[in-house]
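The values are calculated or read from the model by the stated rules, or taken from the named source; none is laboratory data. Fair warning: this is a prediction, and the values are worked out from it, not measured in the lab. Quick reminder, even Gly has a Cβ in these numbers, built from the backbone with ideal geometry, and neighbours come from all protein chains shown. SASA here: full protein model, heavy atoms, side chains in, ligands and nucleic acids out. Shrake-Rupley method; radii C 1.70, N 1.55, O 1.52, S 1.80 Å.
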Amino acid sequence: MHSPLIVTVAPNGAYKTKAQHPQVPLTAQELAQTAKACLDAGAAMIHAHVRQADGKHLLDAHAYREATAAIRQAVGQELVVQITTEAAQVYQPHVQMQVVREVTPEAVSVGLREIVKPEVSETEIESFFTWLKNSNVMTQIILYDVADVQTWQRLRAQGVIPDNRWFLLFVLGRYAVGQTSSPSDLLPFLAADDGAYPWAMCAFGPQENACAMAAASLGGHARVGFENNLFLKDGSHAPDNAALVAQVAQGAQALGRPLACADDVRRLFLN
């Protein structure tokens, strides 16, 4: 029997707008409402972006605290709240790392290729990841391709990144107009992965659910939501983020795999 399936909802991302879907949550209160609906649908974690007043991507400690407080008021401790360091072509690595230190969140996602850059020394990388470990911040490492997987393994082997309860995220595809993903996109990641840490996937387009089911059947976990996909598995527009979560929950039941709750996630990744 596989471990309980962790379903994460990524309800807004850095780019999605209400023009693309009116149910994209942009404010703290909208994130809170979405969090409650997705919890009820089967999610254990929310991957939350915050936005400026004009809807543009934002990395800001105060905004993250405000959004987290609103989500906590709506769901208590029943969801893990994960913030992001995503650059979105706006922020540089040192700002990305600093905002995490300022917030000290329960959980964070870090795009490895956005931190491992020529302007960031390996000493700084080691310091950041050691701080994440010592601060007991549940950290998910975002990997976009096999080269990222290899970089991750190299930095661990060299001791630049310490051993810890890391969580990997394999991104099946890229941000692009009309981007779609396929379950077969998961195979190169699994071939390159050394199996040292739990992993999840996210995917683009109507096959998001099929990709999630492939991951679930292979012992992985799933991140779904409007950040990467607005469509149900039949190709119709999803009414909201909770509908995408519910599809995964239904599929997990068919596979005989139980859903994780937030405390299951905490037991797995927090020291």
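Numbers below:
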quantity: Count of residues meeting criterion [without any contact (Cβ under 8 Å) to a residue 40 or more places away in the chain, out of contact with any strand residue (DSSP E or B) (no Cβ under 9 Å at 6 or more places or on another chain) and β-branched (Val, Ile, Thr)] in the range 13-56; calculated: 1
quantity: Subset of the range 14-70 [within 19 Å of Phe231 (Cβ to Cβ) and among the basic types (Lys, Arg)]; calculated: Lys16, Lys18
quantity: Asp40 of a type in the set (D, E, K, R), assigned to a loop (DSSP other than H, G, I, E, B) and open to solvent by 80 Å² or more (accessible area, probe 1.4 Å); calculated: no
quantity: Lone qualifier among Lys16, Lys36 - being closer than 28 Å to Leu259 by Cβ, over 17 Å from the mean Cα position of the chain (by Cα) and of a type in the set (D, E, K, R); calculated: Lys36
quantity: Contacts under 8 angstrom Cβ, first residue in the range 147-164 being more than 11 Å from Phe129 (Cα to Cα) and free of Cβ contacts under 8 Å to residues at least 40 places away in the same chain, partner surrounded by fewer than 18 Cβ atoms within 10 Å (Cβ to Cβ) and not acidic (Asp, Glu), 6 or more apart; calculated: Asp148/Arg113; Thr151/Arg113
quantity: Any helices (runs of 4 or more DSSP H) falling wholly within the range 72-184 and containing at least 2 residues that are open to solvent by 10 Å² or more (accessible area, probe 1.4 Å) and farther than 19 Å from Cys202 by Cβ; calculated: 93-103, 122-134, 146-157
quantity: Criterion: out of contact with any helix residue (DSSP H, G or I) (no Cβ under 6 Å at 6 or more places or on another chain), crowded, with 22+ Cβ neighbours inside 10 Å and among the aliphatic types (A, V, I, L, M) - qualifying residue of Ala10, Ala48, Ala69; calculated: Ala10
quantity: Subset of the range 9-30 (residues that are touching a Ser or Thr at 6+ places or on another chain (Cβ under 9 Å) and not in a loop (DSSP other than H, G, I, E, B)); calculated: Val9, Ala28
quantity: Selection from the range 117-175 of residues that are under 27 Å from Asn228 (Cβ atoms) and β-branched (Val, Ile, Thr); calculated: Val120, Ile125, Val137, Thr139, Ile141, Ile142, Val146, Val149, Thr151, Ile161, Val171
